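The values are calculated or read from the model by the stated rules, or taken from the named source; none is laboratory data. These figures come from a predicted structure and were not determined experimentally. Cβ coordinates were reconstructed from backbone atoms using ideal geometry, including for glycine residues, and neighbour counts include every protein chain displayed.
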C-alpha cells in the first residue's frame, strides 16, 4: 500500500515552483480548450481567474493559464499552432 502513496506524493507539484503565465483570454471556453490542448500534450497547467473580482462578478476579468517554467516554451508553441488559421495549414499540406 505504501507504493501508491509514494507515487502520488512524487507527482504533487512543489508549492514553491515558479509558474509562468502563457495564455490569457476573456472567454472561459477558449481557456478551457487551450487547457485541454496542453493536457493532451502532457503539459500540466493551472487555469485561474485573472481577476480577484471573479467571485463577485462571474465572467468579468478573464482567465489565465499557468505552466511550469520549463514547459513554457513548448506550451507557447502548441498555442501558436492552435491559433494558426486553418487555411494556412491547408496551404502547407497542398504545397508538400
Exercise. Filter the range 59-82 for residues that are outside any strand (DSSP E or B), touching a helix residue (DSSP H, G or I) at 6+ places or on another chain (Cβ under 9 Å) and over 14 Å from residue 42 (Cα atoms); which is modelled with the lowest pLDDT?
Worked result: 59
Exercise. Which residue pairs have Cβ atoms under 6 Å apart, sit 6 or more places apart or on different chains, and have a first residue in the range 49-74 that is closer than 12 Å to residue 31 by Cβ and a second that is at pLDDT below 85 and part of a helix (DSSP H, G or I)?
Worked result: 61/53; 61/54
Problem set entry | Count - residues of the range 17-55 that are at pLDDT 90 or above, under 9 Å from residue 67 (Cα atoms) and assigned to a loop (DSSP other than H, G, I, E, B) | 2
